[in-house]
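Input: a single structure, listed below in structure tokens.
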Amino acid sequence: MADPSSYRPKPGQIPDSPGVYKFRDEHRRVIYVGKAKNLRQRVANYFQDLAGLHPRTRTMVTTAASVEWTVVSTEVEALQLEYSWIKEFDPRFNVKYRDDKSYPYLAVTLNEEFPRVQVMRGAKKKGVRYFGPYGHAWAIRETVDLMLRVFPVRTCSAGVFKNAARTGRPCLLGYIGKCSAPCVGRVTPEEHRELAEDFCDFMAGRTGTYIRRLEKDMMQAAEEMEYERAARLRDDAEALKRAMEKSAVVLADATDADLIAVAEDELEAALQIFHVRGGRVRGQRGWVTDKVEAVDTSGLVEHALQQLYGEERGDAVPKEVLVPALPEDTEAVSQWLAERRGSQVSLRIPQRGDKKDLMATVQRNAQQALGLHKTKRASDLTTRSRALEEIAEALGLDTAPLRIECYDISHLQGDDVVASMVVFEDGLARKSEYRRFQIKGFEGQDDVRSMHEVIGRRFKRYLQEKERTGEWEEQPTDTPADGPAATGPVPAPADGPAEDAEPREDDGRPKRFAYPPQLVVVDGGQPQVAAAKRALDELGIDDIAVCGLAKRLEEVWLPDDDDPVVLPRSSEGLYLLQRIRDEAHRFAITYQRAKRAKRIRSSPLDDVSGLGETRKQALIKHFGSVKKLRQATIDEICEVPGIGRRTAESVAAALASTAPAAPAVNTATGEIIEEDDGGSS
């Protein structure tokens, strides 16, 4: 615990201008970002008597080891920079809202030649028009199914679309009139794009025009005695009306607005947002957050506005934003929203009428969401604290292990040996700091030796970073050289970064291996624990605790102890260790399976230097299979577009070196099995 007076800047050093400030911990990691109209007044508030600070603020300033600031010209610039830094550095003491579920959107991919209507989740993509969010994906599909009668836009995947174009036959939707079938040329790209834009206009709330047009065409068809066409137009108009009815009118003046409500207690806050477009509720979403900083309702609203509109432009920012409390600097926030929209945005508290009534509904939803969240977490904050205290007591640690790293080894009968490292901070998974390793020091199956290598490599990186940042003067003389050098970074999986790459520059961002844990957990018993402890001893590290969790009886093993520590089956500490161990196992086996799948899909062409994926596919497409390519001459290979003579010679040499010695024979029938692998070997 640091003494804030040890890094308190002199009052004359701090400017009295608008700006953004950052608190860093002893490892130079940014732990808090804030903004201020007057930096001198705001920063000085953090260095008053600790007894007068809010408990969360007190924890932050005693965790920090330094403070720095950046001066900007206006309060709007300070707001923008604060949002950018919170997103970039992910400070642990800033309020960060997290979705309590991944909400689906109705998306129209206007960035494609033939726009597609589909359900999308996750981060928004450039050039895609989004509507929603919706509570359930089935609600989107019901709406789309009704609207495809009138706007038969493509909904199929790229693979289905290409296959239909190749065969000249559309899919079922094309035959029943719910797709205009651009794949077979029934409509031109321009006509299909016009359909997609009409679809977007209708979803954006401009509904009256299309319904009136359908009703007019229906009456005209009836007058001309085209009764079948009139009946189809009648059904189309009814389908659009049913699609509209799915979102009830809540504001009679066709308002475009977002209504934000907050429900909070001392520890957590829940946020609910209703997206109203054209007077109708088009979407709803909810966020929850731990109140890790001392913040009131106006501060929660300001953080919510930053997260909600920080990546949005144009019509995604509505004309009105209705909130339960105005941010501290309402003018700056309003100006920031206006810049993102491109026109004026009204930020206010509703005082009367339909908008106030609707805000009360949003507030009730927020209260229910907070209650449901607290029920699901079952007092999770208290539970996590108790779990960490139980682990500290069982292992004889001085303090609760706020950062725990767990390692697991995975392989398939000695092949594709890999390891995982998962990180839990304050009892919660921190997936951005997960790491994975390939075992490079030896071949074959040896979990103990693999564990020794992985622990050694991870903590040698930590010592290198510690030396680089000047946290110590000399490196211990008994630090051994690391194992064989990495051959390059391994592509990252969806939930973790690449294998042990170099730490990034000292800029406050989360780094690869810069932060030490208080506890290392290994998946295994005495042998694995001894290997991990030996690796730390060889590096001269003696301030990190080590334990192992054996799967068979869920026993906790400590170095140099002949008997395990047995935690009660109902212990929260044991539950937490099991969750960490299971997460390490999941992460390791996912990586191992990916490596095995990649090895199985490998081709002799992979060994040809300078031959990329595009030219590999061109070769296979031209000849039909690796077998036929192997039989081709160099001149025939040169006929493939993009393949020069030198590359053709390399391809021929690589295929010749991997040619089968003799044809495979089915021993049951005596039949020679032809090789026709289409690019695999």
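The values are calculated or read from the model by the stated rules, or taken from the named source; none is laboratory data. What you are looking at is a predicted structure, and each value in this text was computed from that prediction instead of being measured. Note: ideal-geometry Cβ built from the backbone for every residue, glycine included; neighbour counts use all protein chains shown. Accessible surface is based on the protein model in full, side chains and every heavy atom, while ligands, DNA and RNA are left aside. Shrake-Rupley method; radii C 1.70, N 1.55, O 1.52, S 1.80 Å.
Looking only at residues in the range 210-223 that are at pLDDT below 80 and open to solvent by 90 Å² or more (accessible area, probe 1.4 Å), the one that is nearest to Val150 (Cα to Cα) is Arg213. Considering the range 147-166, and only residues there that are part of a helix (DSSP H, G or I) and crowded, with 18+ Cβ neighbours inside 10 Å, the residue that is modelled with the lowest pLDDT turns out to be Met147. Note on the range 321-346: residues that are under 29 Å from the mean Cα position of the chain (by Cα) and open to solvent by 40 Å² or more (accessible area, probe 1.4 Å) amount to 3.
Entry remark, the range 585-599: residues being touching a Pro at 6+ places or on another chain (Cβ under 7 Å) and of a type in the set (S, T, N, Q) number 1 in total.
Taking the range 281-320 as the range and being open to solvent by 20 Å² or more (accessible area, probe 1.4 Å), of a type outside the set (D, E, K, R) and under 12 Å from Leu271 (Cβ atoms) as the test, the residues that pass are Gln284, Thr297, His303, Gln307.
If you check Arg8, Arg40, Arg29, Arg58, which single one turns out to be over 30 Å from Phe131 (Cα atoms) and touching a strand residue (DSSP E or B) at 6+ places or on another chain (Cβ under 9 Å)? Just one listed residue meets the conditions, Arg8.
Whether a residue is open to solvent by less than 30 Å² (accessible area, probe 1.4 Å) and touching a Gly at 6+ places or on another chain (Cβ under 7 Å) was assessed, and Val546 does not pass this test. Scanning the range 36-58 for residues that are aliphatic (A, V, I, L, M), exposed (fewer than 15 other Cβ atoms within 10 Å of the Cβ) and touching a residue at least 24 places away in the same chain (Cβ under 8 Å) gives Ala44, Leu50. The single condition among (1) farther than 29 Å from Glu390 by Cβ; (2) touching a strand residue (DSSP E or B) at 6+ places or on another chain (Cβ under 7 Å); (3) not aliphatic (A, V, I, L, M) that Glu583 does not satisfy is (1).
Looking at Ala316, Ala270, just one residue is modelled with pLDDT of 85 or more, farther than 15 Å from Ile349 by Cα and either out of contact with any Lys or Arg (no Cβ under 7 Å at 6 or more places or on another chain) or among the hydroxyl-bearing types (Ser, Thr, Tyr) (or both), and that residue is Ala270.
Scanning the range 179-215 for residues that are over 39 Å from the mean Cα position of the chain (by Cα) and more than 21 Å from Gly278 (Cβ to Cβ) yields one hit, Arg186. Selection of the range 405-442 for residues being of a type in the set (S, T, N, Q), surrounded by 16 or more Cβ atoms within 10 Å (Cβ to Cβ) and either under 16 Å from Glu583 (Cα atoms) or in contact with an Asp or Glu (Cβ under 6 Å, 6 or more places away or on another chain) (or both) yields Ser410, Ser420. Report the residue count in the range 61-77 for those that are under 17 Å from Val30 (Cβ atoms) and out of contact with any Leu (no Cβ under 9 Å at 6 or more places or on another chain). Total meeting the criteria: 6. Of all residues in the range 600-657, those satisfying the criterion of being modelled with pLDDT under 80, surrounded by fewer than 16 Cβ atoms within 10 Å (Cβ to Cβ) and among the hydroxyl-bearing types (Ser, Thr, Tyr) are Ser602, Ser609, Ser657. Touching a residue at least 40 places away in the same chain (Cβ under 8 Å) and either small (Gly, Ala, Ser) or surrounded by fewer than 16 Cβ atoms within 10 Å (Cβ to Cβ) (or both) - does that describe any residue in the range 169-185? For the range 169-185, residues touching a residue at least 40 places away in the same chain (Cβ under 8 Å) and either small (Gly, Ala, Ser) or surrounded by fewer than 16 Cβ atoms within 10 Å (Cβ to Cβ) (or both): absent. Taking the listed residues Glu554, Glu538, the one that is open to solvent by 40 Å² or more (accessible area, probe 1.4 Å), in contact (Cβ under 8 Å) with a residue 12 or more places away in the chain and among the acidic types (Asp, Glu) is Glu538, with no other qualifying. The single condition from (1) more than 25 Å from Lys124 (Cβ to Cβ); (2) at pLDDT below 85; (3) surrounded by 15 or more Cβ atoms within 10 Å (Cβ to Cβ) that Leu372 fails is (3). Restricting Pro115, Pro91 to those that are within 27 Å of Glu302 (Cβ to Cβ), surrounded by 17 or more Cβ atoms within 10 Å (Cβ to Cβ) and at pLDDT 85 or above reduces the list to Pro91.
The numbered conditions (1) in contact with a Gly (Cβ under 8 Å, 6 or more places away or on another chain); (2) in a helix (DSSP H, G or I); (3) open to solvent by 20 Å² or more (accessible area, probe 1.4 Å); (4) touching a residue at least 40 places away in the same chain (Cβ under 8 Å) are all true for Glu82 except (3).
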